[in-house]
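Input: a single structure, listed below in structure tokens.
Where a number appears in this text, it was derived from the coordinates with a stated rule and is not lab data. What you are looking at is a predicted structure, and each value in this text was computed from that prediction instead of being measured. Every residue, glycine among them, receives a Cβ derived from its backbone with ideal geometry; neighbour counts consider all protein chains shown.
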Amino acid sequence: MTTEVARTDAQPKPEAAGQAYVLEGTLLEVCNCNVLCPCWIGEDPDNGTCDSIIAYHIDRGRVNDVDVSGMTVLEAHHIPGNVLAGNWRQVILVDDRADADQIRVLGDAFQGRLGGPLGDLAGLVGERLGVFAAPIEHQLVGGEGTLTVGDKVRAATVPYRSAYGTTTTLRDSIFSTIPGSPAWVAKASECTVNLPEHGLVWTFSNSNAIQGDFKFEH
């Protein structure tokens, strides 16, 4: 069960002097489009709408003066049409190992209140369903990516590779969940989301996935 920990109408505390956030880590993303997801090049989703999860594991980072290293933030979305048209429906899950300050600042950053690249992405959201604590397990080791949130979310991904064994990458796309970094083109053997309390429930297999490293600064 997820527990709501931050209201979407809460006001962030004033930013610390200098950068609002510096976040580095790894991304796992899965959606119900075919490989490669047309949303990344600005085309309509394969199924007319797009259901997706995007999980950011922060290896090193801070938001304002709060250290958030080791935390994971997962966003589950229903995208009703073209990704660039916005009006996404979104719920955010934050690693339940986070303390109250970490949850607060991560909620501010990923809901776009601190601006920067995360603010640009958050600007596409039309309906925010809240920020909730949940037991998130996020791993990306040797190209094998797995994501588990109790009995609520499960996904497994692996990247495509060239004939020489290098990871297939997507660069310079019109849309990106890791702007400024190449995306690793991948495939999900499975993806299950079971969040009926938010109207987000799906199961699919052999669908589009994205992996990658990110560094967000603002």
**Report entry** Taking the chain and dividing mean pair separation by its residue count, relative contact order in percent (alpha carbons under 8 Å, at least six apart)
**Finding:** 25 percent
**Report entry** FRET efficiency, 1/(1 + (r/R0)^6) with R0 25 Å, evaluated for Glu190 and Asp44 via beta carbons
**Finding:** 0.50
Query raised in the report: When the C-alpha atoms of the chain are aligned to their principal axes, what extent does each axis show, in angstrom, from largest down?
Result: 48, 37, 32
Report task. In debye, nearest 20, what is the charge dipole magnitude of the chain about its Cα centre with +1 on Lys and Arg Cβ and -1 on Asp and Glu Cβ, if you could check? Result -> 160 debye
Query raised in the report: Given the C-alpha centroids of the stretch 93-170 and the stretch 11-87, what is the distance between them in whole angstrom?
Result: 6 Å
Query raised in the report: GNM, the chain, Cα, under 10 Å: largest mean-square fluctuation among Ile103, Ile79, Ile174?
Result: Ile174
Report summary line: So the angle from the long Cα axis of helix 100-110 to the longest Cα principal axis of the chain, reported in degrees to the nearest 10, equals 50 degrees
Report task. For an R0 of 22 angstrom, estimate the FRET efficiency from the Cβ-Cβ distance between Leu84 and Asp172 and round to the nearest 0.05. Result -> 0.90
Query raised in the report: Cβ under 11 Å from Ser176's Cβ, Ser176 left aside: what net charge do those residues give with Lys, Arg +1 and Asp, Glu -1?
Result: -2
Query raised in the report: What net charge is computed for the residues neighbouring Ile136, neighbours being all others with C-beta under 12 Å from the C-beta of Ile136, Lys and Arg scored +1, Asp and Glu -1?
Result: -1
